[in-house]
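Have a look at the structure below, then the notes.
The values are calculated or read from the model by the stated rules, or taken from the named source; none is laboratory data. Small disclaimer: the values here were computed from a predicted structure and weren't measured. Cβ sites come from the backbone with ideal geometry, for glycine too, and all protein chains shown count toward neighbours. Please note that ligands, DNA and RNA were not included when accessible areas were found on the heavy atoms of the full protein model with its side chains. Shrake-Rupley method; radii C 1.70, N 1.55, O 1.52, S 1.80 Å.
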Amino acid sequence: GDSVTQMEGPVTLSEEAFLTINCTYTATGYPSLFWYVQYPGEGLQLLLKATKADDKGSNKGFEATYRKETTSFHLEKGSVQVSDSAVYFCALIYGGATNKLIFGTGTLLAVQP
Amino acid sequence: NAGVTQTPKFQVLKTGQSMTLQCAQDMNHEYMSWYRQDPGMGLRLIHYSVGAGITDQGEVPNGYNVSRSTTEDFPLRLLSAAPSQTSVYFCASSYGTGLAGYTFGSGTRLTVV
């Protein structure tokens, strides 16, 4: 079945370091891809998305490119801040009558000052 | 503020007790869903609804019931609580196909002793 695989955490970085969180997916068609972020004690928030191959989603300095050839959607940020400390979830969805969102297991990012 | 409201935020139950987790949204979203979040397992879909009067099972439906009598409300009922149901529960809603992203509630932390 459809699934999402993320790199395991925690990922610990110093402030201003470069961030990459790997995400790959398995799907029978062409899903839309998402990154959600969960700050401590809160629900999930949509961070960015891409709906077709080669699309680049971006928000708050984060970027991810939909790579069909490698079935990947890696999250990157050039310079992380302490406030970016959170759990990041990669997810996929097929639109239509049953638009279920399928999540990866999440990656905890801890940014130290 | 528009969004998804979940109540209660915290709950402790004894094994065998029943309870209802409430979820309400005021965005006129057709699609609503319930997820549980467990360490190392990401978010798993329990039940979902594509509109009032229509519900269906997700990945882990056993031990839970849902109903959707109105567009706004989507309660989750635990019939006979078990320690394996200790988790954080999130309600989410989306408009149409969900490609614009889901809106999540802030979660209910449930402990079954």
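Here is how the numbers come out for the structure above:
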| item | result |
| --- | --- |
| For the protein assembly as shown: Kirkwood Rh in Å [reciprocal of mean 1/r, alpha carbons] | 18.0 Å |
| Alpha-carbon centroid distance for the pair region B:69-103 / region A:1-44, whole angstrom | 21 Å |
| Alpha carbon convex hull of chain A, volume per residue in cubic angstrom | 97 Å³ |
| Listed residue pairs exceeding 19 Å between alpha carbons, taken from A:Lys49/B:Lys9; A:Lys49/A:Lys100; A:Lys56/A:Lys77; A:Lys49/A:Lys77 | A:Lys49/B:Lys9 |
| Mean separation of Cα contacts under 8 Å, 6 or more apart, over the residue count of chain B: relative contact order % | 36 percent |
| Rounded percent of accessible protein surface that carbon and sulfur make up, the protein assembly as shown, 1.4 Å probe | 50 percent |
| Kirkwood Rh, angstrom, chain B [1 / mean 1/r, Cα pairs] | 13.9 Å |
| Cα-projected label distance for A:Gln112 with A:Asp2, points at 7 Å along beta-carbon direction, nm | 3.9 nm |
| Considering only the protein assembly as shown, percent of DSSP beta bridges that pair antiparallel, nearest 5 | 90 percent |
